Structure formats: structure tokens, C-alpha cells
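Just below is one structure, and these are the notes that go with it.
The values are calculated or read from the model by the stated rules, or taken from the named source; none is laboratory data. In this text the structure is predicted, and so the values were computed from the model without any measurement. Note that each Cβ is placed from the backbone with ideal geometry, even for glycine, and that neighbours are counted across all protein chains shown. For the accessible areas, the whole protein counts, side chains as well, though only heavy atoms, and no ligand, DNA or RNA atoms are used. Shrake-Rupley method; radii C 1.70, N 1.55, O 1.52, S 1.80 Å.
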Amino acid sequence: MSALISISHLTKTYKREKQEITVLKDLSIDIEQGDFVALMGPSGSGKTTLLNIIAGIDRPTQGEVMIAGTNIGVLTETELAKWRSRHIGFIFQFYNLIPVLTAFENVELPLMLTPLSKSERRRQVELALSVVGLADRMDHYPRQLSGGQEQRVAIARAIASDPDIFVADEPTGDLDRVSAEEILTLLERLNKEFGKTIVMVTHDPSAANRARIIHHLEKGDLIPQGQS
Amino acid sequence: MSMTKLIVKNAFRHTLRVLLTIVGISVAVVAFGMLRTVVTAWNSGVAASSPNRLIVRQAVSFIFPLPYAYKEKIAGIPGVSTVSWLNWFGGTYIDKDQFFARQGCDPETLLSLYPEYKLTSTEISAFKTDRSACIVGIETAKRYGLKIGDIMNMEGDIYPGSWQFTVKGIYTPRSKTDDATQMFFHWEYLNERMKQDDPTRADQVGYYVVKINDPSRSAEISLKIDQLFKNSAAETKTETEGQFQQGFVSSSGAIIGAINIMSYLIIGIILLVLCNTMIMTSRERTREYAVLKSLGFTGGHLFAFIAGEALTISMLGAGIGIALLIPIVQGFESFLPRGWFPVFIIETSTYILAGSSALIVGVIAAIIPLYRALTMKIVDGLRFTG
Ligand SMILES: Nc1ncnc2c1ncn2[C@@H]1O[C@H](COP(=O)(O)OP(=O)(O)OP(=O)(O)O)[C@@H](O)[C@H]1O
Ligand SMILES: [Mg+2]
């Protein structure tokens, strides 16, 4: 059986003014179903770019990105949007909750794209919020929550539509030690209990150690395993 | 949570800013409505004019009279069914600020020419039989508390001396656009007095009002009338009542034109105000739009969010503006010297224009933010820090 995420010979260049910069260079990587992968590397090495391409919010310049049997490089914008809503759960460094919506409404947001009924949506939102331990904070607005709690709401939002893959870009980057531990424990649970595949970018070695596999990136390519 | 709830929550995110925008739009809508109402009032004479009525006036100027003797000659022209005449009186009632039209008329024919003025048959016969009788419009009667039997004392200016008229009827207008402020009395009463005081001014009328049966023949009949008096001491100029009123209006046409242009400039201001708010708002939300897109929301959703928000603001502004316009127009009317504008109402078309402008403005204001949100790459949006 082939890997859930299979990337081969991926190159990504950005044009800035007249200059072309190559961010990812002929990169190949396989990530198996149920893996918990940490991506590490110096600033500017292309971690976020790789994660964005896996998540289908950025496009490869060259190479192929196969995810669960779909070559996402050839999808149209609309197809890709639909694909993301089914397969990808996003967890951002700065949570990116909508400030005028309550925790409940933020989690409900991705479900507005599904044909679920109102009561089914409610059940799903409540379930997601209880997984992250915030069932009692449903009616709170983001500004009434701590950073760690906001990130947990963001995770609940990612859980709500039940995707197979979670992408997390420095999910603990803006949190204190204790909150960071809580978030990592949550991600671990998602991986172990719910069998979700997780790709996480982090600068923090102790965070990376919670993952099963650590990949190091440097200057747009992976450093071969065992060499770091 | 529904889309609508999300849109409304978004619209009121910056409460003060959005309230100021809504107030700005409301004020502009009120200004727009006021200006349009003034234009309507100015044009109302034309709108209320009847295609059945021709006005025959002195060719040189409206202020010169015509001989009473023309009456029979005009009546002899084929196609003319009734000939009536009116004579501007002027004069002062109570004081100089009290303005409403006062005219001498022929009571026998007046109401057949002006069926829009409604009187009871008792009032009509009372008016006809008393030489010093007059009738007044209901608006004027209300304003001065006039009842049937009251005497109106006037100080003449065009026709010097003191004059007394007895109110024998109070007419009501057939429709809102008809003038309910006028006062009519017997031309005969005026003429008798002229025969005594100043015989050179006797047997003259201000202008004739001619009823024709077939409005499509108005041009031909007008021409015949004017030809009849060609090369006489008092040549005539005959027009339909509409053209006649138009002539009055067009002499102030430049002002009306300016007011009209201003009313449309105001719509432009509404547009700028709303565009400004929407552009600021959507710029601040760049990152949120990127998040929504990453979650799988597409162009259609963004359109609904952004246009929905712009329309919520513009329609609220227009709604409040229109709600305020009604009492403000009423207040303004009572503040204006009475009789300046016999008809001062907000036309249905003003409501429709204000409403549809708000709608269009809402859509236009959404274009730039929408374009930006749609063309923005998610990865750029997520990096956006403001
Ligand atoms: N949209 C873009 N346009 C132009 N250049 C970009 C864009 N996105 C990323 N880059 C460039 O690509 C390079 C890699 O960026 P990326 O964000 O992937 O790095 P990173 O490894 O995530 O770094 P960090 O640890 O600082 O987050 C950087 O030099 C960055 O400036
Ligand atoms: Mg990064």
C-alpha cells in the first residue's frame, strides 16, 4: 500500500520582483497513514511552504503531490477548496479564530459547508469542544479565552469536519510551556486515539519529540534520516 | 449559525465605525430626498396640468392683460368647448408674508375648467350668486381658520384699495398633486370697481383658460387662436397648460438643474463613504478571508459575506434615512413660507430612487474588497499582518 501523502521531486519557486527564489528543491517525502511527523529546520528553510503545499493552499511549481490517491496539483481552485474541507484540518500558530464569533460558532464554521442539519452540527461541535476540554466555554468569545484555550478551540474547529490529515504550523509557538504541553498532548491523542495523520512544523525540540518521526529541512530539501 | 447571522455579526464588528457609516448614509439619503422633493414641488404645476386646457396670454408678457372682448372670438373657434378667464390679484392678506394665489375668475365656467377643485352644489350656487363671494382651498382655509361666511379683508396693490371677500366655499383637491391653496373670487367684482376707479383698466382679463375636447388638437387650436389676434394691439401666445407651467419652471431651470445634479452627487458621496468603510474593513480581515478560504469557503461565499455586509450597511442607512425623511419633509414644509410650494410631498419615485441607489451602492462598494479577497493567495493572506 502506498503512503497517504506521497511527494516526489517537488520544487517550489517564488517570483519576487524579477528575482526567482527556489524555496523547495527536488524534495521527495512519503508520510504514512497515521503518522505523526514533525518538520524542523532553520528559519526560511521552507517548512511552512512544504506544509502549505501538503494542505493544498499553495501549489507546487514542479513535481507531484499525491494525497490519498489524489494528485492535488491538477485540481482547480474550487475542487481544491472542496478537497481541503474534506481532508485537511488546519491549526495555525496564531489560532486565527474569528473574533466576533463564539467558540461554538468558530467550531461550527467549517460545518457550514456540509449538508449536516442544525442538530447534527450542534452535536458535532459539542463533541469537538469536549474532545479539547472546552465544552463549558462554548459561548465565550476568543478575547475571553487564554491563548492555550484559543488554540484548543482552533483544534476543535479542525476536528469538527473530521478530516484525515491535520497540518499544524508552529501550534505552540505562541504559548507558554504548560499550554504548549496541553496542545501537544491533544495532538498526540488525535494521532493515537483517533488515528489521524499529523504534520507539524516546529522550532521546539521538545515539541518535536512528541512526534513519531522528525524530518529536518535545510535550504529547501530534507536532510536524510539519521544524519541529524 | 446562519450566513445571515455571520454577516450581521461581521457588519457590526466595529460598532462605532459602522454606526457612523450608517448615519452618514442616512443623512445623505435625507438630503437626497429633500432635494428631490423640492424639485418635485417645483415641477408639480407641470405634472398636475391638464392636456385639455390651453392658456392664452399676452404675447409680450404674462403681466400684460388681454381684452375681455377676446372671449367671444376664442369661443368661436372650432374645437374650443369652454372659455374661462383668470386675473391675478396680488394684494396683501393680513401681512406681506402670507402668500397664496388670489385670482379673479368667471364663476360660471371656472369649475368646468378645473374639475379637480371639489365643492358641494350648495357651495357652488352660493359662490355664483354673491358678487363679493370667494372660494378658498382647504389648505388655506385650515391655515387661517376660515369658515363659510367669513370675510377676507385684502389690501390691493395691483388693484389699489381695500377689498372684502366673503368665503362661500372651501374646495378640496381631487388628488395630492392638485393645488389646495388657491383663492378665487368674481372677476366681475374686480371689473365693476375698475370701471369706477380706473376705466382704462376695465374690461381686461389676465389670461384665458380654454377647454378643448381633443388634446391631440392643442397645437392646431393654439395656432388658430394666436392667428386670430395677429397684428392686433394685444397679440396672444397660446400654450397647453403643461407648456405654460414648464415656461415658469424653466426660467428657474438652472437652479433646478443644479439641485438635481446635487442630489445625484449625494449618491456619489454615499458610495464613497461606504466604499471607504468596506475597503478598510476588508483589509483588516485579509487574514480571516484567507482562513475562510483555507477551510474550503469559495468565491460564492466570500461574495455573500462581503456584498451582504455592504448591503446590510447601505440598506440600514437608506431605511433610517427614509424613515427620517418623512417627518423632516413635513417639518420643512411647515417652516417654509406657506404657499411657496402648493404641493410639497415625497414622491414614490424618490423612495424608489433612494432604495435602489442604496442597493446599487452596496453592490458597488463590495466590488473592490471582493476582488481583493478573491485574487488573494491564501498563503499571502495568512502572512498578512496589517
Ligand atoms: N508567498 C511568498 N512569496 C515570496 N517568497 C516567499 C513566499 N512564501 C515564502 N517565501 C520565501 O520562501 C522562503 C521559505 O519560507 P517559509 O515560510 O517556508 O520558511 P519557514 O521554514 O517556514 O521559516 P520560519 O521558520 O521562519 O517560519 C523564505 O525565504 C520566504 O521569504
Ligand atoms: Mg514557517
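Quick look at the numbers
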{"item": "Debye log10 I(q)/I(0) for the protein assembly as shown, one point scatterer per Cα, at q = 0.05, 0.06, 0.12 Å⁻¹", "result": "-0.46, -0.56, -1.15"}
{"item": "DSSP loop trypsin sites (Lys or Arg not before Pro) with at most 16 other Cβ within 10 Å: longest gap in chain A", "result": "A:19-211"}
{"item": "Virtual spin-label span in nm between B:R17 and B:M3, 7 Å along Cα→Cβ", "result": "2.4 nm"}
{"item": "Karplus-derived 3J(HN,Hα), 6.51/-1.76/1.60, for each residue of the stretch A:64-78, Hz, glycine and proline x", "result": "10, 10, 9, 10, 6, x, 9, 7, 6, x, 9, 6, 6, 4, 5"}
{"item": "Under 15 Å between alpha carbons - lysine pairs in the stretch B:60-234 that sit 8 or more apart or on different chains", "result": "12"}
{"item": "Of B:V18, B:V29, B:V60, the one that fluctuates the most in a GNM where chain B has Cα springs shorter than 10 Å", "result": "B:V60"}
{"item": "Point-to-point label distance, A:T114-B:I364, nm (Cα→Cβ direction, 7 Å offset)", "result": "4.3 nm"}
{"item": "Under-5 Å amide H pairs with A:L4, H placed in peptide plane, nonlocal only", "result": "A:I31, A:E32, A:Q33"}
{"item": "Overall dimensions of chain B by Cα: Rg and Dmax, Å", "result": "29.5, 97"}
{"item": "Candidate lysines - alpha carbon under 25 Å from B:K5, same-chain residues fewer than 8 apart omitted", "result": "A:K82, A:K118, B:K293"}
{"item": "Spacing of the two label points (7 Å from each Cα toward its C-beta) at B:S61 and B:I77, in nm", "result": "2.4 nm"}
{"item": "Rounded to the nearest 20 debye, dipole of the protein assembly as shown from Cβ charges on Lys, Arg, Asp, Glu", "result": "160 debye"}
{"item": "Sequence-distant residues sharing a close amide H with A:D221 (under 5 Å, placed H)", "result": "A:K25"}
{"item": "Per-residue ³J(HN,Hα) for the stretch B:92-101, Karplus 6.51 cos²θ - 1.76 cosθ + 1.60, θ = phi - 60°, Hz, x for Gly and Pro", "result": "10, 10, 6, 8, 5, 7, 8, 10, 7, 5"}
{"item": "Exposure of A:T49 as accessible area (Å², to 10), given a probe of 1.4 Å and all protein chains", "result": "10 Å²"}
{"item": "Lys/Arg +1, Asp/Glu -1 at C-beta; chain B dipole; positive extreme among B:F12, B:T92, B:G145", "result": "B:F12"}
{"item": "Note, ³J(HN,Hα) from phi for the stretch B:162-172, Karplus 6.51, -1.76, 1.60, rounded to Hz, x at Gly and Pro", "result": "9, 10, 10, 10, 9, 6, 10, x, 10, 8, 10"}
{"item": "Pairs of Cα atoms farther than 27 Å apart, the stretch B:60-234, %", "result": "29 percent"}
